[in-house]
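Here's the structure, in structure tokens; my notes come after.
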Amino acid sequence: MIIVMKKGATPEEIQHVIDRVEEMGLKSHPIYGTERTVIAAIGDKRGVDIAFFTAAPGVERAMPILAPFKIASLEAKKEKTEVPVGTGSIGGRRIGVIAGPCSVENRDDLLRTAAAVKKAGAVGLRGGAFKPRTSPYAFQGLEEEGLKYLREAGDRTGLAVVTEVIGENTVELVGRYADMLQIGARNMQNYRLLRAVGQGPKPVLLKRGFSATLQELLLAAEYVLSQGNPNVILCVRGIRSFETYTRFTMDLAAVPALQEQTHLPVVVDPSHATGKRSLVTSLCRAAVAAGADGLLVEVHPEPERALSDGAQSLTFDEFEAMMGQIRPVAEAVGRTL
Ligand code: PEP
Ligand code: MN
């Protein structure tokens, strides 16, 4: 951290700040300029509140140098993390596509969808059994019955099962059926839930909150990592903006912006970002071109009959066509599908 003293700060004020830095177990390195003094505080200060210094007399401002997240940062680990997803992985050379319905609605549709997305080249099957719906009157999911259908579909196809966990009390139950636990956008800052999945063995797909900064997303990932679970995939799914034509605004810059800060894989969800089936395929291509490690895509056998998110779900044919279109893009950026 760098602490800049005010012009004219007294020697006592400077010494006071040096004493405070050392009290906190950090080394101080004062630089006396002609106009003002700057004090570099050296050591790991992630637990040290910047206000400890900004509130001291004679201080103009204090600035952190290291990112506030530690285990998630590239400073901690240079090589990319490859997260196991069933028998495959995400974060390696191969782009991992996780696809399936928004919600698990019935066994038959789920088995058909799983077979179709597997055939087209997906590595994971998505589908919510516990749904965090904005309205309490909307379909809330089949809960454990849905988890059973997911497991059956995963076992039949070899796809990894990715499904959402909406509360701490269901982490164990969902973990019995799923290969990867999804934390939804609405729960990105549910810190008890983040800790709970961090204490479990299952890899985590962490979605960015609608209004969360990248730093907040990385700190949410840090909650999981700090509990001992190293397997976190970040998912960008659009953020709130003033635009209403699309459901959210797809900030694709988040992909390289996250990758220059973290070793964790980054996947893109163009379905929730756009809310419109007609836009999903273009954004899948763009996401792969931007360096995404994977995609999360909603697919439904009959989107118009879907109990949730039909408008943004691809049909089986559209999904297959999309996979065909991203293959050359993947190759162009040195990846495979
Ligand atoms: C989902 O992927 O099923 C979902 C609910 O998305 P989000 O949490 O991003 O809104
Ligand atoms: Mn959905």
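Quick look at the numbers
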item: Heavy atoms of Tyr191 accessible to a 1.4 Å probe, total area in Å² rounded to 10; result: 90 Å²
item: Listed residues Asp109, Asp155 arranged by accessible area, highest first, probe 1.4 Å; result: Asp155, Asp109
item: Estimated FRET transfer efficiency (Arg112, Lys70; beta-carbon r; R0 51 Å; 0.05); result: 0.70
item: Burial order of peptide ranges 249-257, 214-222 (average beta-carbon count within 10 Å, highest first); result: 214-222, 249-257
item: Fluctuation leader among Asn190, Asn169, Asn231 - the chain, Gaussian network, Cα springs under 10 angstrom; result: Asn169
item: R0 of 22 Å, Cβ-Cβ distance His29-Glu60: FRET efficiency to nearest 0.05; result: 0.80
item: The stretch 1-95: GluC sites (Glu not before Pro) in DSSP coil with no more than 14 other Cβ atoms inside 10 Å; result: Glu35, Glu75, Glu79
item: Rounded if a/c under 1.5, otherwise prolate or oblate - the chain, Cα gyration tensor axes; result: prolate
item: Label-point separation in nm, Ser211 to Thr10, each point 7 Å along Cα→Cβ; result: 4.4 nm
item: Helical contribution to [θ] at 222 nm, DSSP H n ≥ 4, -39,500 (n - 2.57), averaged over the chain, rounded to 500; result: -10000 deg cm²/dmol
item: List Lys276, Lys70, Lys119, ordered by accessible area with a 1.4 Å probe, largest first; result: Lys119, Lys70, Lys276
item: Residue (of Gly88, Tyr177, His300) at the positive-pole extreme of the stretch 83-332, dipole from beta-carbon charges; result: Gly88
item: Protein accessible area in the stretch 83-332, 1.4 Å probe - carbon and sulfur %; result: 49 percent
item: Solvent-accessible area per residue, Å², over the stretch 83-332 with all protein chains present [probe radius 1.4 Å]; result: 39 Å²
item: The chain, dipole about Cα centre (Lys/Arg Cβ +1, Asp/Glu Cβ -1), debye to the nearest 20; result: 340 debye
item: Percent accessible area from carbon and sulfur atoms, the stretch 2-63, protein chains only, probe 1.4 Å; result: 55 percent
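The values are calculated or read from the model by the stated rules, or taken from the named source; none is laboratory data. Predicted model only: the values in this text are computed from it and were never measured. Methodologically, a virtual Cβ is constructed for each residue, glycine included, from the backbone with ideal geometry; neighbour enumeration extends over all protein chains shown. Note: areas computed on protein heavy atoms with side chains; ligands, DNA, RNA excluded. Shrake-Rupley method; radii C 1.70, N 1.55, O 1.52, S 1.80 Å.
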